[in-house]
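Colleague: Take a look at the following structure, please.
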Amino acid sequence: MIGRSGNPTLNDDTFENSQGYPSGAPVMTIDGTVNKAFITLVLLLAGAFVSWSRFFDGYAVGGYAIAGAIGGFVLALIISFKRTTAPYLVPIYAVLEGVFLGALSASYEYVYNGITLQAALLTMCVFVALLLAYKSRLIRATENFKLGVFSATMGIMLVYLLSFVLGLFGIEVPYLHDNSVIGIIISLVIVVVAALNLVLDFDFIEAGAQGGAPKYMEWYGAFGLMVTLVWLYVEMLRLLAKLRSRD
């Protein structure tokens, strides 16, 4: 489990496969990864604006959400298994993910006015707080910490997968989607786990930069970080929606 990130896109051999990279060739840097992450964020917001504006212009955006979700999922698989494609596919992935998030956010905003801004601000605050805690070493990504977050993340993914499969047969997993006290606590736990994945992502990207990973890994590192941020934002939306539905 050494070096493992809880983020499914950043696993044990993400940087190990980069060994043997030609000496003197451009290498991954933290600044470079930050720049790539900023670019992917801008592209994501651009995609989100398209489906968001279409929704509030009175158009159906269900097709946008499905296309963005399926297209993003396919590209995520390709990027994860073929990391050299990251510089070319991550920007496209960011746009598709943005289209999906824009449609999803608009549907929540229609029911709960102001919820998307609240979720975005909370996500940003959590990101900044954990980044500062990581840089100041208040939080350390020890191997036990990594193992715990990874296990929790995989457990959540399995529960979501089970929920999806059972949903096809009209069976709903208790508490996962309702606004009961237990349901809210479950959502809060998921938000915490998603947030802790950011610490592992910071650590993993730093390790790649220190290890002299290839330059294209900057895009891959930005991709992994964006996956976590998107997950955190969606879980924030779900948690806030549960809380506001109790009013």
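The values are calculated or read from the model by the stated rules, or taken from the named source; none is laboratory data. Predicted model, so just to flag it, every value in this text is computed and none were measured. Every residue, glycine as well, gets a Cβ built from its backbone with ideal geometry; the counts of neighbours run over all protein chains shown. Remember, those area values only see protein heavy atoms, side chains included, never the ligands or the DNA or RNA. Shrake-Rupley method; radii C 1.70, N 1.55, O 1.52, S 1.80 Å.
Colleague: Taking the stretch 178-192 as the region of interest, how many residues are open to solvent by 20 Å² or more (accessible area, probe 1.4 Å) and either touching a residue at least 40 places away in the same chain (Cβ under 8 Å) or among the basic types (Lys, Arg) (or both)?
Modeller: Counting residues in the stretch 178-192 that are open to solvent by 20 Å² or more (accessible area, probe 1.4 Å) and either touching a residue at least 40 places away in the same chain (Cβ under 8 Å) or among the basic types (Lys, Arg) (or both) gives 4.
Colleague: Let me ask something else. Which residues, taken from the stretch 51-85, are surrounded by fewer than 17 Cβ atoms within 10 Å (Cβ to Cβ), touching a residue at least 24 places away in the same chain (Cβ under 8 Å) and within 29 Å of Met217 (Cα to Cα)?
Modeller: Listed by number, the residues that qualify are Ala67, Thr84.
Colleague: All but one of (1) over 25 Å from Leu200 (Cα atoms); (2) open to solvent by 70 Å² or more (accessible area, probe 1.4 Å); (3) assigned to a helix (DSSP H, G or I) hold for Ser107; which doesn't?
Modeller: Just one mismatch for Ser107, condition (2).
Colleague: Among (1) at pLDDT 95 or above; (2) more than 20 Å from Gly155 (Cβ to Cβ), there is one condition Ser245 misses while meeting the rest; what is its number?
Modeller: Answer for Ser245: the failing condition is (1).
Colleague: Is there a residue being of a type in the set (S, T, N, Q) and closer than 30 Å to Pro26 by Cα anywhere in the stretch 169-179?
Modeller: Looking through the stretch 169-179, none of the residues is of a type in the set (S, T, N, Q) and closer than 30 Å to Pro26 by Cα.
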